[in-house]
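Trainee: Structure incoming, see below.
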Amino acid sequence: TRGHDIYTVFSLWDTFRALHPLFTITQQERTTALIKTMLDIYDKGGLLPVWELAANETWCMIGYHAVPVIADAYFKGIRNYDVQKAFNAMKKSSMQDFHGLKYYKKYGYIPADKEGESVSKTLEYAYDDWCIARMANDLGYQEDYLYFSKRAQYYKNIFDPSTGFMRGRMNGMWVSPFDPVEVNFMLTEANTWQYNFFVPQDVNGLMRMLGGSGAFCDKLDEMFNASAEMSGRQQSDITGLIGQYAHGNEPSHHMAYLYNFCGQPWKTQDLVRRIMSEQYNEKPDGLCGNEDCGQMSAWYVLSAMGFYPVTPGTDYYVIGSPLFDKVSIQLENGKTCIIEAINNSAENKYIQSANINGNPLTRSYLMHQEIMEGSHFVFEMGPEPAMDWGVGEGNIPITAIGEPGITTAPYIMADSRTFSQDIEIGMACYDPAAVIYYTLDGSEPDTDSREYTEAFTLNKNTTIKLFAAAPGKVPSKVISGTFSKMPAGRKVVYGTAYDPQYTAGGDVALIDLIRGSNNFRTGSWQGFQGVDVDITLDLGEMQDVDMIKAGFLQDQKSWIFMPEYVEFYVSADGENFQSIGRENNLIDSRQGGGMVHDFSAMARNREIRYIRMYAKNRAVCPEWHPGAGTPAWLFIDEVVIE
């Protein structure tokens with residue numbers, strides 16, 4: 001063990017937020033051992049842990065959140081490990097190509113059709129990159145600092161100014177339709193509301209994008225006061241709802257504290273007391289969500305003491321509302337930090353004034369060093385908000401990214417990526433001073449390319465490439481969109497309804513010329529659970545057809561199997577159908593991973609108008625499967641006619 005204890009079970013997507021920051025106060029020696037363990041994992045496996053369980057990497061969550069754990073400890077003075085190795089390991093974790101990082105580096109965001117959980121991954125990678133930039137700057141690596149500072153701003157590339165929400169992008173466009181309460185595969189265990197404020201590294205930058213401090217607070221109000229109803233796929237992790245805020249899962253955990261950043265700390269004080277009261281109790285079901293290896297409890301411990309680390313990787317904590325009359329923190333350095341709340345009660349939840357070691361404390365945040373020095377904090381509590389405490393210049397917490405600023409990635413505006421007649425194409429960019437340059441022949445654009453000035457029309461298959469450049473900022477990455485002209489008049493008639501969780505875009509998804517990848521989480525597959533699939537394709541007119549094929553997906557770990565067989569029928573009148581062939585499945589149902597297979601039949605240049613496809617579902621998962629006896633899924637995309 002190289003002179004230190006080795007630990008296991010790093011639920012880092014959860015615990016970087018509060019558990020590890022709590023340890024930087026209460027268990028600094030163990031924090032050192034935890035980081036040394038992470039570096040031991042890096043030595044043996046080549047990367048820092050992501051979600052390590054029983055000495056094995058599971059990859060079951062997103063981000064590379066060992067990075068903020070190390071950065072948070074580093075900036076709080078915990079450095080009794082190989083700092084240079086730690087920094088090298090942080091960089092290496094960020095420079096891989098898996099889990100969407102290839103596209104994140106190429107486009108400045110992750111396209112929704114390239115990788116599942118694209119919105120969440122873009123946001124969390126950007127935060128982790130900010131942590132790397134911070135350490136690079138402190139260690140004197142200026143080139144790394146500038147590079148990762150740019151990446152830390154990639155969250156801006158998925159901010160849609162027309163809605164005020166982070167939003168998935170596909171084919172250079174915003175994914176439509178859009179509903180912020182929808183739970184879908186562009187997000188990790190959440191809907192858009194529950195990720196919209198995950199920019200802890202640049203709260204002030206997000207505030208500007210939303211229209212300033214007043215608009216930022218209004219957006220928070222809207223989230224906490226909204227209906228708790230959600231749409232889309234089922235997600236059991238979303239619990240503990242206050243409006244669209246979900247305390248039972250981690251992405252929301254810092255959001256109640258964001259009111260401090262826009263000068264309304266009394267709303268934070270009200271909300272954190274409400275969360276502690278409503279979402280926690282002493283019964284067996286006393287946590288409103290999964291404990292997740294300590295994160296749910298760590299939120300409570302920190303909040304009950306009266307503060308919370310909104311941005312791990314900084315050396316300050318945002319003040320909430322201390323729950324207890326007195327808390328004493330016995331520190332490993334032999335000192336004791338005391339937090340007192342005078343006139344404290346369930347009703348007296350608002351801070352009226354505060355002092356530290358007898359001196360006035362007017363800011364709504366406190367420093368890590370003040371805790372470690374054994375300071376004595378005293379808060380005067382009352383039943384009404386004190387709107388003059390914790391506000392004004394110097395009293396409000398700030399997280400902001402300075403230079404170099406980036407030009408946000410432009411986006412294409414169009415009704416669809418496929419069309420049958422003509423299609424109008426528009427372009428826009430969040431940066432009002434940006435100039436958009438583009439090409440229509442698939443070549444890489446530069447500043448000598450066409451400059452976008454107004455919408456234009458396409459009437460043939462076209463690949464558009466574009467980028468934006470704003471004065472004084474780094475130009476955006478080049479993004480692209482491919483627009484395909486479909487034969488007119490085609491439609492699909494569903495004898496079997498697709499599941500509303502997996503629509504792939506609706507009734508034309510199976511004939512939109514867009515093929516699903518081997519990852520069903522990109523949302524490009526239509527799903528059917530526990531039923532046989534019977535659909536009819538109308539070509540719109542009589543055509544000579546040589547071959548028909550349809551793509552199916554198998555990902556048995558997600559309960560998705562190949563059909564037992566697929567049979568194709570053809571007709572000239574839509575009434576009288578004749579079978580032209582059946583293909584039986586030959587793929588082993590135990591074969592894992594996402595795999596795509598085309599089931600096909602030869603029409604041999606027959607003149608037809610209608611095609612019927614029948615796919616036989618195995619009905620339930622096999623006996624050897626973890627879901628034995630539960631309904632099995634069929635995933636289909638695309639029906640191809642040659």
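Trainee: Cα axis of helix 83-94 to longest principal axis of the chain: angle in degrees, 0 to 90, nearest 10?
Mentor: With rounding to tens, the tilt is 30 degrees.
Trainee: How large is the translational diffusion coefficient of the stretch 259-380 in µm² per second when you combine the Kirkwood radius over alpha carbon pairs with Stokes-Einstein at 20 °C and 1.002 mPa s?
Mentor: Rounded, D is 143 µm²/s.
Trainee: Shifting gears a bit: Can you sort Met135, Met542 by 1.4 Å-probe accessible area, starting with the largest?
Mentor: Final ranking, largest accessible area leading: Met542, Met135.
Trainee: Under the rule of at least 5 residues apart or a separate chain, name every residue whose amide H is placed under 5 Å from the amide H of Ala341.
Mentor: For Ala341, whose amide H was placed from the backbone, the distant partners under 5 Å are Lys326, Phe379.
Trainee: Packing-wise, with mean Cβ within 10 Å as the measure, how do 144-156, 509-521 rank, highest first?
Mentor: Peptide ranking by packing, descending: 144-156, 509-521.
Trainee: Among 425-438, 181-194, how do they line up from the highest to the lowest mean number of other beta-carbon atoms within 10 Å?
Mentor: 181-194, 425-438
Trainee: In terms of solvent-accessible area of protein heavy atoms at a 1.4 angstrom probe, what is the ranking of Glu229, Glu607, highest value first?
Mentor: Glu229, Glu607
Trainee: Expressed in whole Å with the largest first, what are the equivalent ellipsoid semi-axes of the stretch 1-92 derived from the C-alpha gyration tensor as the square root of 5 times each eigenvalue? Mind showing how you got there, number by number?
Mentor: Numbers: eigenvalues 60, 45, 34 Å².
For the stretch 1-92, the ellipsoid semi-axes come out as 17, 15, 13 Å.
Trainee: Provide the net charge surrounding Glu642, with neighbours chosen by a C-beta distance below 15 Å and charges set as Lys +1, Arg +1, Asp -1, Glu -1.
Mentor: Local net charge: 0.
Trainee: What is the stretch 213-285 by shape, rounded, prolate or oblate, if you read a ≥ b ≥ c off the alpha carbon gyration tensor as root eigenvalues and call it rounded for a/c under 1.5, prolate for a/b larger than b/c, and oblate otherwise?
Mentor: Values: a/c = 2.42, a/b = 1.31, b/c = 1.85.
Oblate, because a/c is 1.5 or more while a/b does not exceed b/c.
Trainee: How do Ser353, Ser303 rank by accessible surface area computed with a 1.4 Å probe, from largest to smallest?
Mentor: Values: Ser353 50, Ser303 0 Å².
In descending accessible area the options line up as Ser353, Ser303.
Trainee: Okay, next question. Using the reciprocal of the averaged 1/r over all distinct C-alpha pairs, how large is the Kirkwood radius of the stretch 435-477 in Å? Can you show the working numbers first?
Mentor: On the way: mean 1/r = 0.0895 Å⁻¹.
For the stretch 435-477, inverting the mean 1/r across all distinct Cα pairs yields 11.2 Å.
Trainee: Summarise the accessible area of the stretch 91-210 (1.4 Å probe, protein heavy atoms) by the percent that is carbon and sulfur.
Mentor: Answer for the stretch 91-210 is 47 percent, counting heavy atoms of protein chains only.
Trainee: Follow-up. Determine, at each q value in 0.12, 0.13, 0.19, 0.29 (inverse angstroms), the log₁₀ of I(q)/I(0) that the Debye formula gives when each Cα of the stretch 102-159 is one equal point scatterer.
Mentor: With one equal scatterer per Cα and no solvent, log10 I(q)/I(0) is -0.27, -0.32, -0.61, -1.07.
Trainee: Which value at 222 nm does the chain reach when only helices count, each DSSP H run of 4 or more adding -39,500 (n - 2.57), with the total divided by all residues and rounded to the nearest 500 deg cm²/dmol?
Mentor: The per-residue figure over the chain is -6500 deg cm²/dmol.
Trainee: With semi-axes √(5λ) of the Cα gyration tensor in Å defined as stated, name the option among (1) 45, 32, 22; (2) 49, 28, 24; (3) 69, 29, 22 computed from the structure displayed.
Mentor: The calculated read-out lines up with (2).
Trainee: Between beta-carbons, use under 15 Å as the cut-off and find the net charge around Lys491, counting Lys and Arg +1, Asp and Glu -1.
Mentor: Within the 15 Å Cβ shell, the charges total -2.
Trainee: What does the accessible area per residue of the chain come to in Å², with a 1.4 Å probe and no ligands, DNA or RNA counted?
Mentor: Computed with neighbouring chains in place, this is 40 Å² per residue.
Trainee: For the ranges 111-124, 287-300, what's the packing order if you count other beta-carbon atoms within 10 Å of each residue, average per peptide, and put the highest first?
Mentor: My ranking of the peptides, most packed first, is 111-124, 287-300.
Trainee: Just to confirm the number: angle between the C-alpha axis of helix 142-151 and the first principal axis of the chain, 0 to 90 degrees, nearest 10?
Mentor: 60
The values are calculated or read from the model by the stated rules, or taken from the named source; none is laboratory data. Because the structure is a prediction, the values reported are computed rather than measured. Using ideal geometry, Cβ is built from the backbone for each residue, glycine included, and neighbour counts are taken over all protein chains shown. Heavy atoms of the whole protein, side chains included, go into the accessibility calculation; ligands, DNA and RNA do not. Shrake-Rupley method; radii C 1.70, N 1.55, O 1.52, S 1.80 Å.
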